[in-house]
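A.B. asks: Here it is: the structure, laid out below.
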Amino acid sequence: MESVTHSPRTFSTATGQGRQHLSRLPNPVPPSLADQKAEALTALQAAGFPFVALPETNTGKFQRDRKQDKYWCIASTYTTRDGRECLAVSAGDASVAGNVEQATFTWNYHKDAVGAPDLPAGEQAYMRQQQQAAQLQLQQAREQEQQTAADRAQALLASACPLGDTVFGYLADKGLHAPALPFLDGQLLIPYQDIGGSIRTVQWYDALGNRKNLAGGSYSGCFHVLGDWPGVDTVLLCESLTTALTLHQCTGLPVLNCLAAGNLVRVATAVHTRHPGKRLLVCGDDDRWKGRNTGAEAAQQAAEAVQADYVLPDFTGLDQSGQPTDFDDLRQLAGDDAVKKQIGEVLHREPETAVRCIGIDDFLVKSYPPRVNLLAPWLQNPGLAMIYAWRGVGKTHVAMRVAYAVASGGRYLDWVAPQPQPVLYLDGEMPAVVMQERLRQLVTSSDREPPPGFFNLITLDEQGAKGMPNLSTLDGQRALEPYTQKAKLIIVDNISTLARSGEENSSDDWLAMQQWCLRMRSEGRTVLLIHHAGKGGAQRGTSRREDVLDTVISLKRPSDYEEAQGARFEIHFEKARGIFGDDVKPIEAQLESLPDGGERWSVMALEASTYDRVVDLTGLGMSQTEIARELGINRSNVSRNIRKARECGDLSHKNNAKEA
């Protein structure tokens with residue numbers, strides 16, 4: 001018997017974070033197309049899209065919500081080989097960088113056999129053909145719609161006249177005047193062109209500042225130009241009309257209005273590709289008042305894409321009660337000169353050469369600051385390191401004691417801090433009361449105390465509703481700057497809770513965090529990352545994290561570990577740049593509680609630990625094969641330890657382990 005299942009629905013958040021896969025049990029009766037529409041609409045709304053109805057099917061158009069036109073939705077039908085109609089729905093958020101026409105939500109039904117793990121191969125191929133044909137038809141229809149919109153835009157502009165001396169309320173209220181802007185039927189008509197100079201669409205502004213986009217118009221990679229830009233060396237980019245007018249008015253430089261933050265990177269890339277010799281300056285909005293600082297993130301992304309500079313307005317010392325965000329707000333608060341000064345300071349900076357080359361003779365005699373140990377032999381300054389382990393093994397135990405040893409100039413295990421250094425501990429997970437208990441016990445057991453101000457913490461419970469800063473974002477990094485600047489060692493405990501943007505397995509999504517780490521190292525700091533191990537035992541997520549690290553340490557449970565032993569683990573150096581030999585040999589550490597409430601750590605070389613266990617298990621009459629399996633080591637290792645035990649007198653020939 002055939003039935004219909006709801007295929008796993010995938011919804012990706014706007015920032016590309018983790019995917020949710022939802023499915024329901026097979027229905028004995030195939031649902032009607034109307035039922036499919038109802039369920040698809042419910043799924044859309046649950047995913048955060050504001051649609052109240054699905055658009056007509058098979059129109060090939062991107063339908064936009066009237067009240068929030070940044071959202072788009074497509075619904076189309078396809079027919080299975082048995083003649084049944086099925087529904088496919090896609091939706092997205094056009095305000096998100098890289099998502100003008102890219103779905104962040106997909107939903108569809110497909111035919112499945114009861115109990116079968118997947119569709120038959122023939123049915124899969126047929127559905128792929130149907131979907132590819134539908135996608136091609138949709139693409140062709142979209143291109144035709146865009147061309148129709150472009151033709152209409154050009155006709156509208158031909159009918160418009162310059163604004164001239166007409167007082168236009170929206171601009172007049174802001175103290176702006178732009179006589180060259182096209183004006184038609186009481187509204188401004190803002191043209192958007194592609195990099196080739198072809199007008200692709202227009203946007204209307206009424207006297208109150210309300211905007212309306214031309215239906216079907218293409219905005220991706222398009223921009224509105226103020227000034228004569230092909231003939232100059234420096235061009236400014238921004239995300240709105242009033243900001244563009246302000247920048248052009250205050251600096252006299254040509255400005256490209258990119259319509260939205262999400263379009264900055266596309267315009268910057270297009271301009272840089274066509275005009276690689278131009279100097280671009282991305283003038284972003286500072287959206288710190290809006291929760292997520294989309295403007296700052298988009299400006300940074302666009303600048304990095306083309307190796308350009310970016311600048312945000314600085315409102316220091318000004319009235320910020322109105323929550324200002326852009327350079328037009330800065331002009332209204334502080335005047336034209338303030339805008340000109342802030343832009344000029346960036347433009348007049350001595351540009352850095354993209355690549356610096358040095359001859360071998362100069363390189364060999366050049367003096368660089370020496371690297372020193374914060375905790376000898378492995379934690380160097382400046383440097384980048386990581387400790388990772390499976391949950392509950394002891395990552396935070398180690399991290400806190402490393403922090404305390406560095407801050408106090410003490411020691412932990414066999415590692416020694418030559419002198420006290422300021423430490424910043426970022427904890428994104430542990431309850432404050434638990435951290436208090438651990439630190440009290442640590443202080444009680446230590447014979448040293450950090451100098452005042454040398455051990456500082458930023459914890460989740462202290463931040464209230466706003467939560468911990470997200471180190472994967474420019475806004476989060478800036479929020480921590482007043483504290484990171486004072487530290488020599490920054491401990492990030494842990495990556496999962498403090499670098500929350502993007503997918504954990506995506507190497508590209510790690511770039512923002514990696515750049516922050518590299519910047520900290522270049523400024524003379526050391527960053528110690530605390531991370532989880534995956535099911536396979538390696539650090540969880542992209543291996544790209546390890547590329548720039550100097551040291552990588554993994555903590556593992558001993559093969560004979562028992563829960564009653566508490567914190568007991570093996571320490572393995574998986575990467576150790578510049579250290580070798582006995583300094584990086586694996587060791588075993590165990591935390592022991594003392595009668596006076598203090599604690600003591602015992603440590604031994606893993607070789608010695610293995611030796612003792614082989615001797616004990618041999619004494620119990622286990623064979624070499626059984627011992628190797630029990631300890632997770634090779635039989636040759638077992639045999640070698642048995643020979644050593646006989647030579648040392650720790651084993652007699654009577655209790656030698658059997659060969660098998």
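A.B. asks: Among the residues of the stretch 562-584, what is the count of those that are more than 17 Å from GLN539 (Cβ to Cβ) and in contact with a Phe, Trp or Tyr (Cβ under 8 Å, 6 or more places away or on another chain)?
C.D. replies: Of the stretch 562-584, the ones more than 17 Å from GLN539 (Cβ to Cβ) are 562-568, 578-584.
So of that shortlist, the ones also in contact with a Phe, Trp or Tyr (Cβ under 8 Å, 6 or more places away or on another chain) come out as 568, 579, 583-584.
The number of residues fulfilling the criteria is 4.
A.B. asks: Does at least one position in the stretch 490-499 carry a residue that is polar (S, T, N, Q), within 23 Å of PRO382 (Cα to Cα), touching an Asp or Glu at 6+ places or on another chain (Cβ under 7 Å) and not assigned by TED's automatic domain parsing to the domain that holds ASP287? Let's see the steps before the verdict.
C.D. replies: As a first pass, look at the stretch 490-499 and keep what is polar (S, T, N, Q): 494, 496-497.
In the following step, the residues that additionally are within 23 Å of PRO382 (Cα to Cα) were identified as 494.
Subset that is touching an Asp or Glu at 6+ places or on another chain (Cβ under 7 Å): 494.
Then drop every residue that is not not assigned by TED's automatic domain parsing to the domain that holds ASP287, which leaves 494.
Yes, some residue in the stretch 490-499 is polar (S, T, N, Q), within 23 Å of PRO382 (Cα to Cα), touching an Asp or Glu at 6+ places or on another chain (Cβ under 7 Å) and not assigned by TED's automatic domain parsing to the domain that holds ASP287.
A.B. asks: Go through the stretch 372-398 and count every residue that is loosely packed, with under 13 Cβ neighbours inside 10 Å and in contact with a strand residue (DSSP E or B) (Cβ under 7 Å, 6 or more places away or on another chain).
C.D. replies: Number of matching residues: 1.
A.B. asks: Next question, about the same structure. Residues in the stretch 360-371: is at least one modelled with pLDDT under 90, closer than 27 Å to LEU594 by Cα and among the basic types (Lys, Arg)? Break it down stepwise before answering.
C.D. replies: Kept after step one, since they are modelled with pLDDT under 90, are these residues of the stretch 360-371: 360-371.
Now drop any that are not closer than 27 Å to LEU594 by Cα, which leaves none.
Within the stretch 360-371, not a single residue is modelled with pLDDT under 90, closer than 27 Å to LEU594 by Cα and among the basic types (Lys, Arg).
A.B. asks: Same structure again: Give the stretch 399-413 a look and list any residue that's in contact with a strand residue (DSSP E or B) (Cβ under 6 Å, 6 or more places away or on another chain) and in a loop (DSSP other than H, G, I, E, B), or say none.
C.D. replies: Listed by number, the list holds a single entry, LEU413.
A.B. asks: Identify the single condition in (1) touching a Phe, Trp or Tyr at 6+ places or on another chain (Cβ under 9 Å); (2) among the hydroxyl-bearing types (Ser, Thr, Tyr); (3) assigned to a loop (DSSP other than H, G, I, E, B) that SER220 does not satisfy, given that it satisfies every other one.
C.D. replies: Here SER220 clears every test but (1).
A.B. asks: If you don't mind, there's one more thing I want to ask. In the stretch 296-315, which residues are out of contact with any strand residue (DSSP E or B) (no Cβ under 7 Å at 6 or more places or on another chain) and closer than 16 Å to ALA512 by Cα?
C.D. replies: Of the residues in the stretch 296-315, the ones out of contact with any strand residue (DSSP E or B) (no Cβ under 7 Å at 6 or more places or on another chain) are 296-298, 301, 304-305, 307, 312-315.
Result: ALA296, GLU297, ALA298, GLN301, GLU304, ALA305, GLN307.
A.B. asks: So THR610 ticks every box in (1) modelled with pLDDT of 80 or more; (2) in contact with a Leu (Cβ under 9 Å, 6 or more places away or on another chain); (3) assigned to a helix (DSSP H, G or I) but one. Which box is left unticked?
C.D. replies: (1)
A.B. asks: How many residues are touching a residue at least 24 places away in the same chain (Cβ under 8 Å) and part of a loop (DSSP other than H, G, I, E, B) when one looks only at the stretch 548-566?
C.D. replies: 8
A.B. asks: When only residues in the stretch 402-411 that are crowded, with 23+ Cβ neighbours inside 10 Å and out of contact with any Pro (no Cβ under 8 Å at 6 or more places or on another chain) count, which is farthest from VAL603 (Cα to Cα)?
C.D. replies: ALA403
A.B. asks: Evaluate the following for ARG521: is it under 13 Å from the mean Cα position of the chain (by Cα) and either in a helix (DSSP H, G or I) or farther than 30 Å from GLU570 by Cβ (or both)?
C.D. replies: On the way: under 13 Å from the mean Cα position of the chain (by Cα): no; either in a helix (DSSP H, G or I) or farther than 30 Å from GLU570 by Cβ (or both): yes.
So ARG521 fails the test.
A.B. asks: Of all residues in the stretch 415-432, which are touching a residue at least 24 places away in the same chain (Cβ under 8 Å) and outside any strand (DSSP E or B)?
C.D. replies: Listed by number, the residues that qualify are ALA417, PRO418, PRO420, GLN421, PRO422, GLY428, GLU429, MET430, PRO431, ALA432.
A.B. asks: I'd like to verify a number: residues in the stretch 440-491 that are small (Gly, Ala, Ser) and at pLDDT 90 or above, how many? Reasoning before the result, please.
C.D. replies: Step one: of the stretch 440-491, the residues small (Gly, Ala, Ser) are 445-446, 453, 464-465, 467, 472, 476, 479, 487.
Next, only the ones that are at pLDDT 90 or above stay: 453, 487.
Looking only at that region, the number is 2.
A.B. asks: Pick out the one residue from ASP328, ASP314 that is part of a loop (DSSP other than H, G, I, E, B), touching a residue at least 24 places away in the same chain (Cβ under 8 Å) and among the acidic types (Asp, Glu).
C.D. replies: Result of the check over ASP328, ASP314: ASP314.
A.B. asks: Among the candidates SER636, SER593, SER602, single out the residue that is more than 30 Å from THR444 (Cα to Cα), outside the structural domain of THR526 (by TED's automatic domain parsing) and not acidic (Asp, Glu).
C.D. replies: Of the residues listed, the single one that is more than 30 Å from THR444 (Cα to Cα), outside the structural domain of THR526 (by TED's automatic domain parsing) and not acidic (Asp, Glu) is SER636.
A.B. asks: Also, quick follow-up: Can you go through ASP194, ASP173 and tell me which one is surrounded by 15 or more Cβ atoms within 10 Å (Cβ to Cβ), assigned by TED's automatic domain parsing to the domain that holds ASP328 and of a type in the set (Asp, Glu)?
C.D. replies: After ruling out the rest, the residue left standing is ASP194.
A.B. asks: I need the full set of residues from the stretch 297-339 which are surrounded by fewer than 18 Cβ atoms within 10 Å (Cβ to Cβ) and in contact with a Ser or Thr (Cβ under 7 Å, 6 or more places away or on another chain), in order please.
C.D. replies: Across the stretch 297-339, the qualifying residue is only ALA305.
A.B. asks: Tally the residues that are over 25 Å from the mean Cα position of the chain (by Cα) and in contact (Cβ under 8 Å) with a residue 60 or more places away in the chain, restricting the search to the stretch 274-297.
C.D. replies: Counting residues in the stretch 274-297 that are over 25 Å from the mean Cα position of the chain (by Cα) and in contact (Cβ under 8 Å) with a residue 60 or more places away in the chain gives 2.
A.B. asks: List every residue pair whose Cβ atoms lie under 7 Å apart, where the two residues are 6 or more positions apart in sequence or sit on different chains, the first residue falls within the stretch 436-463 and is assigned by TED's automatic domain parsing to the domain that holds PRO422 and surrounded by 15 or more Cβ atoms within 10 Å (Cβ to Cβ), and the second residue, located anywhere, is modelled with pLDDT under 90 and among the acidic types (Asp, Glu).
C.D. replies: Hits for this filter: GLN441/GLU599; SER445/GLU599; LEU460/GLU429.
A.B. asks: Continuing with this model, one more query. All but one of (1) within 28 Å of MET513 (Cβ to Cβ); (2) without any contact (Cβ under 8 Å) to a residue 40 or more places away in the chain; (3) not in a strand (DSSP E or B); (4) not acidic (Asp, Glu) hold for HIS572; state the number of the condition that does not hold.
C.D. replies: If we test HIS572 against (1) within 28 Å of MET513 (Cβ to Cβ); (2) without any contact (Cβ under 8 Å) to a residue 40 or more places away in the chain; (3) not in a strand (DSSP E or B); (4) not acidic (Asp, Glu), just (3) comes out false.
A.B. asks: Going through the stretch 232-273 one residue at a time, which ones are crowded, with 19+ Cβ neighbours inside 10 Å, within 25 Å of the chain's Cα centre (by Cα) and β-branched (Val, Ile, Thr)?
C.D. replies: VAL265, VAL267, listed by residue number.
A.B. asks: What are the residue pairs meeting all of these: first residue in the stretch 386-402, first residue farther than 13 Å from HIS531 by Cβ, second residue in a helix (DSSP H, G or I) and not aliphatic (A, V, I, L, M), Cβ atoms under 9 Å, and 6 or more apart or on different chains?
C.D. replies: If the second residue must be in a helix (DSSP H, G or I) and not aliphatic (A, V, I, L, M), the pairs left are HIS397/ARG438; MET400/ARG438.
A.B. asks: Condition check: closer than 24 Å to PRO558 by Cα and touching a Lys or Arg at 6+ places or on another chain (Cβ under 6 Å). Does ALA399 satisfy that?
C.D. replies: For ALA399, the condition - closer than 24 Å to PRO558 by Cα and touching a Lys or Arg at 6+ places or on another chain (Cβ under 6 Å) - is not met.
The values are calculated or read from the model by the stated rules, or taken from the named source; none is laboratory data. Fair warning: this is a prediction, and the values are worked out from it, not measured in the lab. Here Cβ is always computed from backbone atoms with ideal geometry, including for glycine, and neighbour counts include all displayed protein chains.
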